[in-house]
Amino acid sequence: MQNTFLRGKTALITGSTSGIGLGIARALAQQGAHIVLNGFGDANEIKALQTELTKEYGVTCVHHSADMSKPVEIAAMMEFAAQQFGSVDILVNNAGIQHTETIENFPVEQWDAIIAINLSSTFHTTRLALPAMQAKNWGRIINIASVHGLVGSVQKSAYVAAKHGIVGLTKVTGLEMAHTGVTCNAICPGWVLTPLVQKQVDARAARDGLSNEEAKKDLVSEKQPSGEFVTPEQLGALVVFLSSDAASQVRGAAWNMDGGWTAQ
Ligand code: NAD
């Protein structure tokens, strides 16, 4: 086991039973951090994930199933993490959902759910994590925004609004913590092939009569000049860097990893 500079620290990653969050959990566990997983899924599969991380990296891995749209459940999760490990040192706000529709047809309940899960949950976890981080004078808050925190796309009103909100909240958190050892930054990924994006690939395949491979290529090339997906492993590596001492003066940043999407 090498490079374990986070040994003894605790990382809580929301929405980490799948996709990007799981990639980030693996990367932080690899550096020795104890892990609090959160997210939905099959209980046996989640148990298997916990066992895998514990066996592979020698860390303690627990899971809390709080629904990120519910402040009371978020508070219970933060309390659970504190009871298990004392406090949360690295908070990764990653849970997110998507719904695509024009504004005039956008279902109101989908708007409310996206704002609650993709934006307000980060306010709640952050406000509850900060006191212990301030007491230790060390902490890392890393918010998984999106290129849609920087630019817009049609039919994604709630998602783009929430992600722009996350970038704003990141700046304020970074500024309020500027004289402490607590940093807060956002990561803005382009397309990453996860279950969230596979749904959009499937919709495109059905709409345009394309195969899965053709629809993936079509989707990624439309916005991302590299023509390639970003991977959860690459995002995990960026989270590890932002958790390191080398990143102690990266504060309030919105750091894109998007195959050139927002350079255009
Ligand atoms: P995913 O669907 O693979 O995973 C989402 C995770 O969030 C799962 O673990 C799921 O169980 C959890 N989750 C969903 N609703 C929840 C709720 N109410 N409470 C608790 N957990 C909940 O999605 P992903 O693509 O890995 O997305 C993760 C984050 O990355 C999201 O915030 C998303 O907006 C962002 N993002 C994704 C992409 C992409 O291309 N996939 C690009 C930019 C940003």
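When you count the other C-beta atoms within 10 angstrom of each residue and take the mean per peptide, 43-53, 99-109 line up highest first as 43-53, 99-109.
Please work out the average accessible area per residue across the chain, using the 1.4 Å probe convention, and give it in Å².
Details: 11840 Å² over 264 residues.
Ligands and nucleic acids excluded, the result is 45 Å² per residue.
Could you work out [θ]222 nm for the chain from helices alone, using -39500 (n - 2.57) per DSSP H run of at least four and dividing by all its residues? Round to the nearest 500 deg cm²/dmol. Intermediate results must be reported in sequence, preceding the final value.
Values: 9 runs with 123 residues, N = 264.
Here the helix-only value at 222 nm equals -15000 deg cm²/dmol.
Among 242-254, 149-161, sorting by the average number of other beta carbon atoms lying within 10 angstrom of each residue, highest first, gives 149-161, 242-254.
Rounded to two decimals, the Cα radius of gyration of the chain over 2.2 N^0.38 Å is 0.98. For the cross-link pairs LYS136/LYS163; LYS163/LYS199; LYS70/LYS199; LYS47/LYS199; LYS9/LYS55; LYS171/LYS223, the ones whose C-alpha atoms lie over 23 Å apart are LYS136/LYS163; LYS70/LYS199; LYS47/LYS199; LYS171/LYS223. Using a probe of 1.4 Å, the accessible surface attributed to MET68 totals some 10 Å² when neighbouring protein chains are kept in position. Taking only the C-alpha atoms of region 158-264, Rg followed by Dmax gives 16.5, 55 Å. The heavy atoms of HIS124 offer some 30 square angstrom of accessible surface to a 1.4 angstrom probe.
Of the heavy-atom accessible surface of the chain (probe 1.4 angstrom), what whole percent is carbon and sulfur?
Working: 6400 of 11840 Å².
Carbon-and-sulfur percentage of accessible area, whole number: 54.
Across all directions, the average projected area of the convex hull around the alpha carbons of region 33-120 is 6.8 nm². Our analysis of region 17-71 gives Rg over Rh at 0.96, with the two radii drawn from alpha carbon positions and Rh computed by the Kirkwood formula. Enter the angle in degrees (range 0 to 90, nearest 10) between the Cα long axis of helix 232-242 and the first principal axis of the Cα atoms of the chain, meaning the one along which they spread out most. It works out to around 40 degrees.
Round to the nearest 10 and give me the degree value, 0 to 90, for the angle of helix 157-176's Cα axis relative to the longest principal axis of the chain. In the chain, helix 157-176 runs at an angle near 30 degrees to the longest axis. Label-to-label distance, HIS179 versus TRP138, with points set 7 angstrom from Cα along the beta-carbon direction: 2.2 nm.
The values are calculated or read from the model by the stated rules, or taken from the named source; none is laboratory data. As the structure is a computational prediction, the values presented were derived from the model and not from experiment. Note that each Cβ is placed from the backbone with ideal geometry, even for glycine, and that neighbours are counted across all protein chains shown. Remember, those area values only see protein heavy atoms, side chains included, never the ligands or the DNA or RNA. Shrake-Rupley method; radii C 1.70, N 1.55, O 1.52, S 1.80 Å.
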